[in-house]
Structure formats: C-alpha cells, structure tokens
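One structure below.
The values are calculated or read from the model by the stated rules, or taken from the named source; none is laboratory data. Predicted model, so just to flag it, every value in this text is computed and none were measured. Note that each Cβ is placed from the backbone with ideal geometry, even for glycine, and that neighbours are counted across all protein chains shown.
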Amino acid sequence: MQEETSIDSVHNEIMGDLAFEGEIEFEENEPHPIHLVNETPRFKEDKRLSEEKAKTNFQKRMTDFIKINFDNKLSQSLGLRKGKFRIYARFIINDLGKVSDIQVRAPHEVLKKHTKEIIEKLPQFLPAKREGKIVNVSYVLPITFFVDE
C-alpha cells in the first residue's frame, strides 16, 4: 500500500524550509519547481480545473500510474531488510510536455532501473504555465513501499 504524500511536503522534505523575500528569477529554460507554477501540467485527457484541484488531480493521477506500473514483487525479491523504503524520482516535464532528465534515488540498483523505466512510460502532458507562459517544470515523485519478508 502506498502512502499519500503532498507535493509541498515532499518539496520540504527534500529542500528543507527555505525562506525567500521578493521575486524568484528563472533563466528562460530553467525548470520551475512545480509548486511555483500557475498551471500544473495535465494529462491530455484531463479537463481544466482550478489550480488547487489541478495539483491534487495531477498528484493522484501520478500515484495511480505508479500503483499500476510498479512491480512490488520485485522489491520483495532483492534481499532488502524488512521495513518501509522510499524511492525518489526527479524529472522535468518540458515545455512540450515530455518527460526528460530522469534521476532516481532508490535503495537498490534494480529498483532504480525499474523506476526509471516506469517514468519513461509516462505519457506526453499538457505543459505547465507560469504567468501565462509555457515553462519547463521539475517534479519529484516519491514512491513508498514495504518489504514484508
């Protein structure tokens, strides 16, 4: 069973609590953190929603995608100690809506490879927007799993 995690809590867990004053400037092609965009990337078949609902929907759809595609039996067969583990997949959804620059941190090389293969299967999205302009966006996807044996 996968535990629900909000985008903001994952960002805080990875980045820590950083306080900024004033505007944050980005280079033209530099990816924007997903929590700073005005319009979250969307699966092509999804309807336009309010931004809060769009972020929740995007997160749910990503979680569902992982639940369908992650082979939990694989994680049970690697000799990992019994307990809770987490994988982090960081990637860019570029201005064309394509996934790129996939980076994975996992407790085992086989899980790292498996997770990268799953992320590569993600469909093309409708890209994110910030202040009305299409932008690259960075996203961190946590995957929690348990080893029972």
Residue hits (the range 90-132; within 18 Å of Pro142 (Cβ to Cβ) and either at pLDDT below 95 or hydrophobic (A, V, I, L, M, F, W, C) (or both)) are Phe91, Ile92, Ile93, Val99, Ile102, Val104, Ala106, Leu111, Ile118, Ile119, Leu122
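With respect to Asp64, is the statement that it is exposed (fewer than 15 other Cβ atoms within 10 Å of the Cβ), charged (D, E, K, R), under 22 Å from Asn29 (Cβ atoms) and within 13 Å of the chain's Cα centre (by Cα) true? Steps first, please.
Details: exposed (fewer than 15 other Cβ atoms within 10 Å of the Cβ): yes; charged (D, E, K, R): yes; under 22 Å from Asn29 (Cβ atoms): no; within 13 Å of the chain's Cα centre (by Cα): yes.
Here the answer is no, as Asp64 does not meet what is asked.
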Among strands (runs of 3 or more DSSP E) entirely within the range 74-149, at least 2 residues that are touching a residue at least 40 places away in the same chain (Cβ under 8 Å) and surrounded by 15 or more Cβ atoms within 10 Å (Cβ to Cβ) occur in 83-93, 128-130, 137-147
The correct count of residues that are more than 19 Å from the chain's Cα centre (by Cα) and modelled with pLDDT of 85 or more in the range 13-36 is 0
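Could you list, in sequence order, the residues of the range 43-73 that are in a helix (DSSP H, G or I) and free of Cβ contacts under 8 Å to residues at least 40 places away in the same chain?
Across the range 43-73, the qualifying residues are Glu51, Glu52, Lys53, Ala54, Thr56, Asn57, Phe58, Lys60, Arg61, Asp64, Ile68, Lys73.
The rows are residues; the columns are (1) modelled with pLDDT of 85 or more; (2) closer than 27 Å to Glu131 by Cα; (3) touching a helix residue (DSSP H, G or I) at 6+ places or on another chain (Cβ under 6 Å).
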position	(1), (2), (3)
Ser9	no, yes, no
Asn38	yes, yes, no
Phe43	yes, yes, yes
Asp46	yes, yes, no
Asp71	yes, no, no
Gln76	yes, no, no
Arg86	yes, no, no
